[in-house]
Amino acid sequence: MKIVFATLMLFFISAGALAQNESIQGRIIDNNNTPLAGVNVYLKESQKGTQTDFDGKFEIENVVGAKVLVISYVGYKTKEISVTAPVNLSDIILYEGNELLQAVTLDSRKNKFSRKKTAYVSKLPLKDIENTQVYTTITSDLLESQVVTDLDEAMANATGVYKLWEATGRSPGNGTAFFSTRGFSVQPRLIDGVAGVTFSAIDPSYIERIEVIKGPSATLFGSTETSLGGLINIVTKKPYQGTGGTASYTAGSFGLHRISADYNTELGSGNNTFFRVNASYLTEDSFQDAGFRDTYFIAPSLSYRVNNRLNISAGIEFTQTRQTNPSMLFLRRGLPLVSTNVDELNVDPNKSFTSDDVYLDNLTFNARAIADYKISDNWTSQTIFSSSYAETDGYYQYQFDGGSIGILQLQQIYQIPELQPILPAIQPVIDPLINPMLAESQALLQRDSFTRVYSQRDANETRINLQQNFTGDFKIGDVRNRVVLGVDYIHNKRKNRNKNGNPVLTSTSNFPQLLGFFNSIPGLEPVGAFIENSFSAFPYFDAFLSADGQVIPTTFTPNATYSPSRAELDAVFNQLEPFRGTLKSQTIAAYASNVINVTPELTVNVGLRLDHFIQDGSEVVAEDDYTKTTFSPTAGILYQPFKNKLSVFANYQTGFVNVNPIVNPDGTIDVFEPQKARQFEGGVKTNLLQGKLNFGVSYYHITVDDFTTSDPTVPLFPRTIDIAQVVSQGLEFELNANPFEGLNVRASYSFNDMEYTDVFSTKALYQTTGQSGRDLTEFEGRRPESAGPESLYNFWADYKFPEESFAKNFGVGVGFNGASENLTVNNAITGTFTLPSYTIYNASLYYDADKFRIGLKVNNFTDEVYYTGWTTVNAQPSRAFLGTISYKF
């Protein structure tokens, strides 16, 4: 934090920069005399330009002579003005009309790490300072400064966001990591504000910005693509008027190579059709002893302006990825931990527990078509169609502690009713066979032993989304109303042909002799079949390993080696039949929201969503079909004591997540109420010193009823239960500043306090009677495992030397991000496993000329050993060096 305060002091000392004499200055307004912020203003001859501030003012410095000034803004007609610089222009009026977003080189844009206006967060073009909802933005300028190569790395810049898991690829749509925001897990599942399948390998050159919208947000976005703590929206780059692009190559540690290209051009000569394509190829190895990822990505997009009222745009994204599973050590559940931290566990962070022979293939495809139509001066229609397809194929591998407890099911043999009359007679035969296996299993439970488990994945998911929005901007008397009315339809279909099972377990240890005994006695063959079926239903595992990668010899895995083989897995899984299943769901929703300017300084926001969810569940289980209808209101109030400079706000937001019924092994059905969230939040937002200083601070309090989690009393595989109530509250602070020319600073800090406040569960079982419905005291007063660390912080400063200095075109970036300790397991049965706090330091150096850019980056330059996790221990990358070169044309 010392760096942050020092930067602020430097800012205030340097804020009174000298005015430039040789410049073009002016102010942009609409025909209602309202200043327009964020308007693109650039020189047609060089593409050099800037954006207007919140007062509509702009300045392009170091310009002399006759120039053509191009002014463009989404929703307004582009204007060209011939000027002779230096000049201070009078007010320039823009008139409404659909136009494309211009992509220009904003050399003098202030605060490059801040984008404080968006049309996605509220489905209306609102400035952040007049929006009662809190969101954080990660800009393309920040990604470029940090030489970011994938989406997961970019998310380290988001305020109050923690990576729980790496992207697993184990099921369709799991192409990105899992994150925690305000205590709840979330994945990036929105693209340009609508449902889509995102992926970690999306090339940064395709990302305009990442928007992390905070708090439950069901009113405008529903429940199928959001979480109770917020949502993540990827805003992509769009076609623009003109021809140009970039080509870049990045190489670095761990065999990283990335080639990417971004090209834009006009199609035809009508000045109304524009095409853009982004493409990339990335290959990299793991920082551990095995593992890799290869990704192909391409995203063409098209924009066609039919006339001044109608604009049609379309785009697709396609990616093909082959990757090994990231190393994650799942800690035991339902049993006391042996080790409670990484030192006791003796983790070797360089061990992957896999080989390059065991991988998954993931394919994703998104398509969108959008029609924007201007109905009148006050109303606009937007019609959106999007579809997504994702598939996964290959072997998913994971390691979990305590897996040997499954062998203890052998004790159930002594409870079989058919054996009771003859049990004393057969015990002298079966005890010498069963007891050594039980003793071996118990010995494994007395130490940290991770069972390496596999499943063969073959699944796909298809999603279709239709959305119709009508937005209005009108006055009733003197009161301005900005309204969005919308309907939303989502259809989702998931099919799987996964294979799970263990056809070889009963051929190991003393199983063959035990089965041979029962099968040799007439009338006891069903007992042999019971044993065979019970243990064949286990997932396939091939080794027990310690956390430092040592193979633990057992009679259950006689051929265990550290590095698995795909040929051996094929031989096992070829003996299994796939489990075929189809799950379909539909969501039909209507929503309305109104931002009301009671006075120019006082804004009130109200909204409501009606959401009807229909699930057509498994084709073989009728009981998992269900419907749910939910209302989700929102409200907010905001006051600007200093117009467009300071605002004080409060909001009330709601969210919900439908929970599918679960069919238990005994055939009973567990039906759940939706998880329902209510948030109260208040805070302050600023836009000071002509947009050079943006900071915001807020306090939130979220209450969730019927929260679902895993039963801490059940070992091995999780059983879903409900908890009556959890509360998450915290503080978030974010700063984006441009203290003086060339320096851009970003910093954030968040604190989250989350705990179970009412631990009654309708699904938790009494251990003595098996009846459901009790206080789950094992969670009482504890922090949920999905919440991540209490404290998160990040900082990044980028300085580009001025044109007149000896280091012209050179720039440097430096920063850090970190977290407090994380209770990755936290309940009274298992105990608490603590991941240590960490701070990671990064730095970059670049040379940015008109036609090319060369950059160098060091990630984790102190080579800190650190971990993240969510009931897991996930080792994170060691020090890495990156170099990149880009050519601009």
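The values are calculated or read from the model by the stated rules, or taken from the named source; none is laboratory data. Treat the numbers as computed from the prediction; the structure is a model and nothing was measured. Reconstructed Cβ throughout: ideal geometry from the backbone, glycine too, with neighbour counts over all protein chains shown. When the accessible area is computed, the model is the full protein with side chains, heavy atoms only, and any ligands, DNA or RNA have been set aside. Shrake-Rupley method; radii C 1.70, N 1.55, O 1.52, S 1.80 Å.
For the reader, a short list of remarks on this structure follows.
- Amide H contacts under 5 Å for L646: N687, restricted to partners 5 or more places along the chain or on a different chain, H placed in the peptide plane at 1.01 Å from N.
- Leading residue at positive end of dipole, region 671-782 (Cβ point charges), from V671, L731, V697: V697
- Share of carbon and sulfur in the accessible area of the chain stands at 56%, probe radius 1.4 Å.
- Prolate/oblate/rounded label for region 637-749 (Cα gyration tensor, a/c 1.5): prolate
- A simple packing score, the average count of other Cβ atoms within 10 Å per residue, orders the peptides 318-326, 487-495 as 318-326, 487-495, with the highest score first.
- Helix 423-445 vs. the chain, principal-axis angle (Cα, 0 to 90°, nearest 10): 30
- Amide H contacts under 5 Å for F353, placed H, 5+ residues apart: none
- Measuring against 30 Å, Cα to Cα, the residue pairs K127/K628; K112/K475; K238/K351; K237/K475; K238/K499; K48/K692 contain K127/K628; K112/K475; K238/K351; K237/K475; K238/K499 as the ones spanning a longer distance.
- Backbone geometry of region 684-692 corresponds, through the Karplus equation with coefficients 6.51, -1.76 and 1.60 at θ = phi - 60°, to 3J(HN,Hα) couplings of 10, 10, 9, 9, 10, 6, 6, x, 7 Hz, x marking Gly and Pro.
- The long axis of helix 511-520 is offset from the longest Cα principal axis of the chain by roughly 50 degrees.
- Where Rh is the Kirkwood radius over Cα pairs, Rg/Rh for region 764-852: 1.40
- Residue-normalised accessible area of region 482-616, expressed per residue, 1.4 Å probe, Å²: 44
- Sorting 684-690, 122-128 by average packing, meaning the other beta carbons within 10 Å per residue, from highest down gives 122-128, 684-690.
- CD proxy at 222 nm, helix term only [per DSSP H run n ≥ 4: -39500 (n - 2.57); per residue of the chain; nearest 500]: -2500 deg cm²/dmol
- Computed from Cα atoms, the angle from the helix 525-536 axis to the main principal axis of the chain rounds to 30 degrees.
- For K57, nonlocal amide neighbours, meaning residues 5 or more places apart or on other chains whose placed amide H falls under 5 Å from its own, are I28.
- Applied to region 232-240, the Karplus parametrisation 6.51 cos²θ - 1.76 cosθ + 1.60 on θ = phi - 60° returns per-residue 3J(HN,Hα) values of 10, 10, 9, 9, 9, 6, 10, x, 9 Hz, with x for Gly and Pro.
- Per residue, the accessible area of region 394-438 comes to 41 Å² when a 1.4 Å probe rolls over the protein heavy atoms.
- Point-charge dipole on Cβ atoms (K/R +1, D/E -1) for region 391-509, about Cα centre, debye to 20: 580
- Rounded, prolate or oblate (a/c below 1.5 giving rounded, otherwise prolate when a/b exceeds b/c) for region 225-355 by Cα gyration tensor: prolate
- Per residue, in Å², the accessible surface of region 712-787 once ligands and nucleic acids are set aside, probe 1.4 Å: 39
- Cross-link reach list, aspartates and glutamates versus K685, counting only Cα pairs under 12 Å and skipping chain neighbours closer than eight places: D128, E130, E732, E734
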